Amino acid sequence: MSVIKDVARLADVSVGTVSKYLNNPDRLKDATRQKVEAAVNELQYTPSALARSMRTGKTHTIAIIAPNITNPFFAEVYNSIRLNAVNKGYTPILFTIEDDLKTLESYFSSISRHQVDGLILCFVDEDELIETFIEQLRAALPIVLLSWDIHNERFNCVCIDVFEGTYKSTNYLISLGYKNIAYAGGYEKNRISSQKFNGYSKAMKDARLEINSEFIYHGDLNLKTGYYAARKFSMLPTLPDALVADNDIIGIGSMKYFAQRKIRVPEDIAVIGFDNIMLSAIYDPALSTVSLPINKMGEESVRLLTAVIDKPNSKNKLVILKSELIIRNSTDKNAPIELEF
């Protein structure tokens, strides 16, 4: 097993420089950081958590609370955070939740017992949670939110403008000439889903298009919601000509039902999702979607959290990340088939 002296010898630097790389890599020059990183990777060096804890008074462990990772999007977000945390020398502990405050309370108690150095809270509905728990918890623990709330100034926050993303995807469908556009998404009490629905509604209103209440379906954020939404829409006197889905899973669920009923996508109804999970690219037809910078989300949330751990009294920072429209066969049958992993 390699030790820190082995890394220093291979990188031709001092032990102190390697220690600085492990604890504050941003303080090193790029060339030096790259040499140390190469040595760490070649030797597969892992610093002793016990030794670091004794030396710094930190556990080098962070907690992550995320919705149920049976949704591939949240699994991909967690994996991005995990990789970035490990690269920074931190061990992540994952807690999954479905917006239940009692369960969250028990999690926070468990997090305190684990003596973690910080917490990343991923896309959990925030308002009641902040008032009930987080305001008290952050006095003792650095916290970063991964959130939809681009106006958040109370916490360190990495935000995705989901309103803008759904506004953009709906406008894209409108630009193709679609007018009878349906929406399938999460319950309105879900703040993220409500922001997405607001983006859809605003685009429709700006284009002076009617929002038909029969073309709206709310449910859980899973395949069944997409499937049942598509079933409902297909039983109407007139099928919508396009569908905006809250996420890719709902979009794929809807296309599964359409395929069973021989309803063609996009010829009979165009479908667009949100998130750009890997499954959206390999499903047939490949799903057009709003792509979120998942790798950047993990990188920025870990960067913010480790900065707050190092400087607890630093000013709150808000990082807003933008989405990107990805056009595939579910809205354009002539779109090129490209797989990028």
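Quick note: the coordinates plus some simple rules give every number you see, no bench work behind them. Computed from a predicted model, the values in this text were never measured in an experiment. A quick note on method: Cβ atoms are made from the backbone with ideal geometry, for glycine too, and the neighbour counts reach across all protein chains shown.
Relative to the first principal axis of the alpha-carbon coordinates of the chain, what is the inclination of helix 30-43, with its axis defined by its Cα atoms, in degrees from 0 to 90 and to the nearest 10? On a 0 to 90 degree scale, this one is about 90.
Ellipticity at 222 nm from helices only: DSSP H runs of n ≥ 4 in the chain, each -39500 (n - 2.57), divided by the residue count, give -13500 deg cm²/dmol.
Working from Cα pairs under 8 Å separated by at least six residues, relative contact order for region 253-341 is 35 percent.
Contact order, relative form, for region 133-236: 23 percent (alpha carbon pairs under 8 Å, 6 or more residues apart, mean separation divided by residue count). Anisotropy class assigned to region 162-292 is rounded, per the alpha carbon gyration tensor with a/c under the 1.5 cut-off.
Per-residue Karplus couplings for region 332-338, computed as 6.51 cos²θ - 1.76 cosθ + 1.60 with θ equal to phi - 60°, are listed in order as 9, 5, 9, 5, x, 8, 10 Hz, Gly and Pro entered as x.
So between K333 and E210, what do we pick up on full extension, going 0.36 nm a residue minus the alpha carbon distance? Can you show the working numbers first?
Details: separation 123, 0.36 × 123 = 44.28 nm, distance 2.63 nm.
My answer for the length gained is 41.7 nm.
Near L243, the amide H atoms lying under 5 Å from its own belong to A182, A270, V271, I272; only residues 5 or more places off or on other chains count, and H is placed 1.01 Å from N.
Charge dipole of region 162-292 (Cα centre as origin; +1 on each Lys and Arg Cβ, -1 on each Asp and Glu Cβ, all else neutral): 200 debye, rounded to the nearest 20.
Treat the count of other C-beta atoms within 10 Å as a stand-in for reagent exposure and order M278, M235, M297, M255 from fewest to most.
Details: M278 14, M235 10, M297 23, M255 26.
Fewest-to-most ranking of M278, M235, M297, M255: M235, M278, M297, M255.
Considering only A39, A335, I97, and ranking their Cα positions along the charge dipole of the chain that arises from unit charges at the beta-carbon of Lys, Arg, Asp and Glu, the one farthest toward the positive end is A39. Nearest 10 degrees, 0 to 90: what angle lies between the long axis of helix 294-310 and the longest principal axis of the chain (Cα atoms)? Tilt relative to the chain: about 40 degrees. With each label modelled as a point 7 angstrom along the Cα→C-beta vector, the N313-K29 pair spans 3.3 nm. The equivalent ellipsoid that matches the C-alpha gyration tensor of region 297-338 spans semi-axes of 40, 10, 5 angstrom, in descending order. Estimated translational diffusion coefficient (Stokes-Einstein, Kirkwood radius over Cα pairs, 20 °C, 1.002 mPa s) of region 4-47: 218 µm² per second.
Helix 191-206 and the long axis of the chain differ in direction by around 40°, with both axes built from C-alpha atoms.
Remind me, relative contact order of the chain in percent, using alpha carbon pairs under 8 angstrom and six or more residues apart?
Contact order relative to length: 16 percent.
What the phi angles of region 249-266 give under the Karplus curve with 6.51, -1.76 and 1.60, with θ = phi - 60°, is a coupling list of 4, 5, x, 5, x, 5, 5, 4, 5, 4, 5, 5, 9, 6, 8, 7, 10, x Hz, glycine and proline written as x.
Could you pull out the pairs from K88/K333; K202/K256; K196/K296; K205/K333 whose alpha carbons sit more than 32 Å apart here? Listed pairs above 32 Å: K88/K333.
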